[in-house]
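Every read-out reported here was derived from the displayed coordinates using simple, explicitly stated rules and does not represent laboratory data. Computed from a predicted model, the values in this text were never measured in an experiment. Counting neighbours? That spans all protein chains shown, and the Cβs are built from the backbone with ideal geometry, glycine included.
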Amino acid sequence: MSTEDLEDYESEVELQLYREYKDVCPMFRYWVETERRSYLANEVDVEVHTEAGRTWFEVQLRDAWVLDMFRTNRFLPVTRLLSFKDVVVEELPREDDAERQIRLDGPVELRSEADRPPDVPADVPTELPSDRDAEGDGQP
């Protein structure tokens, strides 16, 4: 096997991993990154330990997926990580949160303030039909 064949194989495996990551990412709530690997998980518990002047992290993941091209089984029901280096935990935006943000970015049309949906904060600009009529734009 030539060096070029090996590089082609690794590139193909990386591409497959990226495609799998894009497919599974919406199923998870958290991105967890350590010095060695990255994970997606639905439950994360981080405990900080200090012993003899050294600090280390114990991270428990439930319902996880590991971003590792050399593993054949990337789904993990439960896993425990130990690290003396930084551990990054980020909560991923949910698809329904993104849709709600798109809805809240622009004016919300309401017939009256009583029509305001519970998920629309009071400080979100609204356009009431009477407001538009008062501006004289000719719209009903």
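Miscellaneous remarks
- Förster radius 35 Å - calculated FRET efficiency between E4 and H49 (Cβ-Cβ, nearest 0.05): 0.15
- Shape call, the range 1-78: gyration tensor on alpha carbons, a/c limit 1.5: oblate
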